[in-house]
Structures are given as C-alpha cells and as structure tokens.
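Scroll down for the structure; my scribbles are underneath it.
Bear in mind that the values in this text are calculations on the coordinates, not laboratory data. Predicted model, so just to flag it, every value in this text is computed and none were measured. Every residue, glycine among them, receives a Cβ derived from its backbone with ideal geometry; neighbour counts consider all protein chains shown.
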Amino acid sequence: MAISRIYDVVIIGGGLAGLTCALHLSRKGVDVLLIEKNTYPHHKVCGEYVSNEVLPYLKSLDIHPLTEGAVPISSLEITNPNNKKLHTELPLGGFGLSRYYFDNLLFEKMKETSDVVFKTVDTILFQKDFFSITTQDNTNFRAKFVVGAHGKRSNIDRKLKRNFIKQKSSWLAVKAHYKYDFPADTVALHTFKGGYCGLSKTETGGVNACYLTTYNSFKKFKGIEDFQKNNMSENPNLNQFFSEAIPIFDSPLTIGQISFQPKKPIENHIFMIGDSAGLIHPLCGNGMAMAIHSAKLFSELFLKQYKNNKIDRNILEKEYENQWNYTFSKRLKTGRYIQKLLMNDTTANIGFSLLNTFPSLLNTIINKTHGTPIKNA
Ligand SMILES: Cc1cc2nc3c(=O)[nH]c(=O)nc-3n(C[C@H](O)[C@H](O)[C@H](O)COP(=O)(O)OP(=O)(O)OC[C@H]3O[C@@H](n4cnc5c(N)ncnc54)[C@H](O)[C@@H]3O)c2cc1C
C-alpha cells in the first residue's frame, strides 16, 4: 500500500495570515501545503487600509506593496451624524490596497515555494502525533503540524466546537468600490446610528467603502440601499458619498455573523493565526497587520526548533500561546472597549468632545490598538 506524503505543515486558509505563513516557512525549506477554498484573485469584505507596521517584514519576504501601486495614507478623519469632526495624522501611517490585489500578490509569490490546493477542508483529526486532514471531496492529506488560518468564521470552527461559534453574533458588514473624488492620503471613519463606515482609496483609484453595523439597526430597513439612504446618510459625509459616488461593483459584498469574542490561539493542537485566533474591531484598522504578524510569530517559533531537526510540540504550543497573548491580547481588549464607547450615542458624543479638546488622546488610542513596525524575517 502506498504511504501518502506527510507534510511538515498544512495551512488551512489562504487569506493574508495563511499566505504569509506559507511564504515564510516554505522559503526556509519547510515542506508546506496550503489549502484554500477559493481561487485567486477574489474580493473580500475588508476596509483595505493596511497599517505600515507590516512593511519591513513584507519587504523581507520580497513583497513591496508601495511599488505595486498601494496608496500611501497618512491622515485619519472621524465624523459623526452631528458632523463633529476629528482629524489626526497617523503616527505610523498605512496604505490602501484592495484584498483582490494584496492576497493575489502573496499567492503568486508563495506558490513558487509552497504547494497549494483549492479545496474546502472538512475535518482535521489529530492522532498519534499526526494530523489527518480531509476535504469536502474526500481527499486526504497528512501533516505533522496544522495551522488554522481560516478567518473569522468557518465550518472548521463548528467542527472544533469552538466557544465563540456557539454564541450568536450581532454584526454584519457590507463593502463595495466606487468612483468618487476622495483625498488619497486619508482614511475616513464616518459613524452612523448602529455602526460606522470606512472610506479609503485603493490601487485602482477607486474608493473602498466598507461598513459594519448591527442586525438590530439593519433589520429596520428594506435592504442595503434603503439602509444607506435612510440611516447612514444622517451623517452628512455619508449622505454626500452615497449621493455622488458611482458604484464599480455590480452589487456590494456582504458578510454576517461577525464575532469579536475572544478565541483560543491553539485548539486541539492546531495553531490559529490571523482572524481564527481573534478578530480586532475594524475601527482600529489593523486586523490585516495582526494577521500578518501572527503568521510571523508562528513561523519564527516553528523555525527555531525546525533548524535542529526536532520539534517539541508541547514547547512550541506553550511558546506560541504566550507570544500571541503578549503581542495581541491587550490590543483586542482595547478594541472591544473603544467599540463599546463608540456605539453608545452618549459616550460617543462625550468622546468626540473630549478628543476635540485633547487631540493628543486620539494618538494615544491609536498607539494602543496598533503595533510597532514588525521586524524583518
Ligand atoms: C468590516 C471589516 C472591515 C475591516 N477593515 C479592515 C481594515 O481596513 N484594515 C485592516 O487591517 N483590517 C480590517 N479588517 C480585518 C481584516 O479583514 C482581517 O483581520 C483579515 O482579513 C484577516 O486575515 P486572515 O488571513 O486571518 O483571514 P481571511 O482573509 O478571512 O482568510 C481566511 C481564508 O480561509 C479560507 N477558508 C475558510 N474556511 C476554509 C476551509 N474550510 N477550507 C479551506 N479554506 C478555508 C477562506 O476562503 C479565506 O480565504 C476588517 C474586518 C471587517 C469585518
């Protein structure tokens, strides 16, 4: 009987976290397979503002967003329905790049050194120190280690009976690209009753509009158009946007059941990276940087032991859990806290007044939810 190949690492999910991890590990000689359910390129619901903290690390992986046409962004504007405005220069800055382009850029690079298959993973079994991974078409793969990079919510989370999946989540998000006259150096966050909408330019010259809102707010309206016109447009900045902007997509992309509940970075010996380890509230604007950073954390800890030809699973698990908590836990907590304040009319108004009086507070908040530049691989 033929013995099937055993990969060093199988990565499930090829978003920014999975692609970065596959690229990092396979370039150092690790035998990696990435399993992704969708082919590239594809659009994703995302604000598409990426914090510059990832630039040095991406450069070390030979990924150069700015020379690929990403739009440098240095200013943040926040407004509310009363047209109160806050403006600040972003301490680190960032860039605008569509997920359509960004994920594909990483995919094209990682496939030079890593295996990839396009299938949906159904089950992951851990037995006798090995993993058996079965896809929905009943193909089986074997691995010594598995990395879960399957994003915010996946069939895999249900199979693993993860805690967050048992609780209903009240958030949904909508995203589309538009033709609209908008300053290239700015990311705007316009709040409205029950949510907020981010606007920023991408490499196409189009403006990405992506909003997050609660089901309770959304369900009072007849659909996306009605919601945009009769709820979001109470903010004069969004009113102007939706009256003048010309849609580029045939229809907006939507996702539901978005959970910001805490998750465990390791479940059933699977190392979770990116959103599958924890999703930060998008108003903090750095979930993508965290996805990339967590891929680096895992890759470096794995390679440290791999060099010696012997990996102690227990030590790797302890080290990853500690490093993950040390690097991200506080940021996620701060994100949840700010989200709560912003979604309550009274505290949001007090917050706007406070920040207008003490503008340096806004930079303190940004620093608390963002990292520092991630060092090279
Ligand atoms: C509304 C909204 C706006 C946001 N705006 C921003 C922003 O402006 N800036 C920012 O930095 N972050 C933002 N984020 C966060 C950011 O989008 C995520 O943090 C980031 O996409 C995480 O990347 P990931 O690789 O972990 O997950 P994903 O990019 O979601 O990738 C997961 C991949 O796994 C695949 N997959 C899932 N299940 C399976 C399976 N069973 N088998 C095979 N493949 C599977 C999926 O197809 C997918 O490609 C936003 C999030 C939301 C919800």
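Shown in residue order for the range 152-165 are the 3J(HN,Hα) couplings computed by the Karplus curve 6.51 cos²θ - 1.76 cosθ + 1.60 at θ = phi - 60°: 5, 7, 8, 4, 5, 5, 5, 4, 7, 6, 5, 4, 5, 6 Hz (x for Gly and Pro). Over 31 Å apart at the Cα level, from the set Lys166/Lys333; Lys159/Lys307; Lys59/Lys144; Lys59/Lys307, are Lys159/Lys307. Using the alpha-carbon positions of the chain, Rg (one decimal) and Dmax (whole number) come out as 20.8, 74 Å. Taking label points 7 Å from Cα along the Cα-to-Cβ direction, Asn230 and Asp345 give a separation of 1.8 nm.
With a simple spin-label model that places each label point 7 Å from the Cα along the Cα-to-Cβ direction, the separation between Asp31 and Ile6 comes to 0.9 nm. Computed over the range 39-163, the range of Cα coordinates on each principal axis works out to 57, 37, 25 Å, biggest value leading. A simple charge model with +1 on the Cβ of Lys and Arg, -1 on the Cβ of Asp and Glu and nothing else charged puts the dipole of the chain at about 1280 debye relative to its Cα centre. Only Cα pairs under 8 Å and 6+ residues apart enter the sum, and on that basis the relative contact order of the range 266-343 stands at 37 percent.
Here the spin labels are modelled as points 7 Å beyond Cα on the Cα-Cβ line, and at Ile246 and Asn376 they lie 4.6 nm apart.
For Ser259, no residue 5 or more places off, or on another chain, has a built amide H under 5 Å of its own. Dividing the helix sum by the residues of the chain, where each DSSP H run of 4 or more adds -39500 (n - 2.57), gives a mean residue ellipticity at 222 nm of -10500 deg cm²/dmol. Within the range 99-184, the trypsin sites (Lys or Arg not before Pro) that combine a DSSP coil assignment with at most 14 other C-beta atoms in a 10 angstrom radius are Lys128, Lys161, Lys168.
When its C-alpha radius of gyration is set against 2.2 N^0.38 Å (N residues), the range 268-322 gives a value of 1.27.
For the range 185-271, applying the loop criterion from DSSP together with a ceiling of 13 other beta carbons within 10 Å to the trypsin sites (Lys or Arg not before Pro) yields Lys219, Lys220, Lys222. Normalised by 2.2 N^0.38 Å, with N the number of residues, the alpha-carbon radius of gyration of the range 228-292 equals 1.59. Here the range 1-100 is described by how far its Cα atoms reach on the three principal axes: 71, 28, 19 Å, from widest to narrowest.
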